[in-house]
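The values are calculated or read from the model by the stated rules, or taken from the named source; none is laboratory data. Since we're looking at a predicted model, the values are computed, not measured. Cβ placement follows ideal geometry from the backbone for every residue including glycine, while neighbour counts extend to all protein chains displayed.
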Amino acid sequence: MRRTLLAIGRFLLAVLLTTLGLLAVTFFIGRAMPIDPVLAVVGDHASGEVVARVRAEMGLNLPLWQQFARYLGRVLQGDLGTSVLTSNPVLQDIRRAFPATLELATSGIVIGVGLGVPLGVWAAVRRGRWPDHLVRVIGLKGYSVPIFWLGLMGLVLFYAKLGWVAGPGRIDVAYEFTLTSVSGLLLLDAALAGQWDAFANVLSHLALPAALLGFYSMAYISRMTRSCMLHELAQEYVVAARAKGLSEARIIWRHALRNAMVPLVTVIVLSYAGLLEGSVLTETVFAWPGLGLYITNSLQNADMHAVLGGTVVVGVVFIGLNLLSDLLYKLLDPRTR
């Protein structure tokens, strides 16, 4: 019991210190940026007296450590400030924007895992042959080609030329006011409401950006799957399984892949976290009203409360998924317990 309590205490302390460090780094980087949040509120033509008064009201005339202390106190109370751009509490804006990013990133990681893991296994089993070279070239393309360029070319080809998918945005105006959003995940909301025409419209908007994010994550997951599978296929238990007469398919998919999934879980979870916080360019190209586009628009309008709030939320999500990967690692590999 004592050992368990100490482990839980160390775990909570690590989470607390990591979150505190995230808040500190985010705050001080925001203060170091060459953007004056006061001017974003009062405008460039305000008088010096108005600027000084608003600066004092916002607490920006205090020393940095006092500003950080006040900021930390507000964050602990769930107050991330008020957005200058929308005049809404930042937390309210994030609650509205984050489900769109969650839906897009989840769709992308499902595609990435569904294609990346089988391709990585195929490449490892056919090492040195044309399937291996093909998968490696696909992975290299996924790393090398800028995702914003792929997005623009995808819109030109599949939307403008072929008309296979819907254009930018998340849903057409015709369905926007008829679909009642409950969870913020429009695919789920449309399915629960039985509005299958709206479901098809949302899916048409989602298909192309999700496919691009899926291709991006597939490139990394396939390469890591190949590496992990090559390591497992060279182990002695694989030789023993073949000597016992087990089929090659059972050796690969039941034994080797099962052991390879232990490190792959961390790779997949962190790839998912990367899609949640790194889909800014995709959301910008496709006018996807998610957290990335919200942070980008806020930064362009010097809305520092929104920028800091969005960054903190992304960091907290990343920390949470990182901890989740550690827990899954311990569940899959008893030796790490």
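Of the set (1) loosely packed, with under 14 Cβ neighbours inside 10 Å; (2) not in a loop (DSSP other than H, G, I, E, B), all apply to Ile221 but (1).
Take Ser271 and tell me if it is touching a Ser or Thr at 6+ places or on another chain (Cβ under 9 Å), surrounded by 21 or more Cβ atoms within 10 Å (Cβ to Cβ) and modelled with pLDDT of 80 or more.
Judged against the criteria, Ser271 is a match.
Within the range 255-280, residues that are in contact (Cβ under 8 Å) with a residue 24 or more places away in the chain have Cβ atoms under 7 Å from residues that are of a type in the set (Asp, Glu) in these pairs: Ala256/Glu232; Asn259/Glu232; Ala260/Glu232; Val262/Asp333, counting only partners at least 6 apart in sequence or on another chain. Restricting attention to the range 65-80, which residues are under 31 Å from the mean Cα position of the chain (by Cα), surrounded by 10 or more Cβ atoms within 10 Å (Cβ to Cβ) and not small (Gly, Ala, Ser)? Answer for the range 65-80, where residues must be under 31 Å from the mean Cα position of the chain (by Cα), surrounded by 10 or more Cβ atoms within 10 Å (Cβ to Cβ) and not small (Gly, Ala, Ser): Gln67, Phe68, Arg70, Tyr71, Leu72, Arg74, Val75, Asp79, Leu80.
Here the range 134-155 is the region considered, the condition is being over 15 Å from Ala211 (Cα atoms) and free of Cβ contacts under 8 Å to residues at least 60 places away in the same chain, and the residue that is nearest to the chain's Cα centre (by Cα) is Ser144. Taking the criterion of being modelled with pLDDT of 90 or more and surrounded by fewer than 20 Cβ atoms within 10 Å (Cβ to Cβ), the residues of the range 112-152 that qualify are Gly114, Leu115, Pro118, Trp122. Being among the β-branched types (Val, Ile, Thr) and more than 27 Å from Gly154 (Cα to Cα) is true of Ile319.
Yes or no: Leu230 touching a residue at least 60 places away in the same chain (Cβ under 8 Å) and closer than 28 Å to Leu152 by Cα? No.
(1) assigned to a loop (DSSP other than H, G, I, E, B); (2) surrounded by 23 or more Cβ atoms within 10 Å (Cβ to Cβ): which one isn't true of Trp164, the others all being true? Only one criterion is unmet by Trp164, namely (2). Residues that are modelled with pLDDT under 85, closer than 24 Å to Val285 by Cβ and surrounded by 14 or more Cβ atoms within 10 Å (Cβ to Cβ) are absent from the range 236-250.
Ser107 - would you say it is within 30 Å of Thr266 (Cα to Cα), in a loop (DSSP other than H, G, I, E, B) and among the polar types (S, T, N, Q)?
It is false that Ser107 is within 30 Å of Thr266 (Cα to Cα), in a loop (DSSP other than H, G, I, E, B) and among the polar types (S, T, N, Q).
Checked against the criterion of being in a helix (DSSP H, G or I) and farther than 24 Å from Ile221 by Cα, the candidates Asp93, Asp132 yield just one match: Asp93. Determine if the range 117-127 includes at least one residue that is part of a loop (DSSP other than H, G, I, E, B), among the basic types (Lys, Arg) and closer than 17 Å to Ala210 by Cβ. Within the range 117-127, none of the residues are part of a loop (DSSP other than H, G, I, E, B), among the basic types (Lys, Arg) and closer than 17 Å to Ala210 by Cβ.
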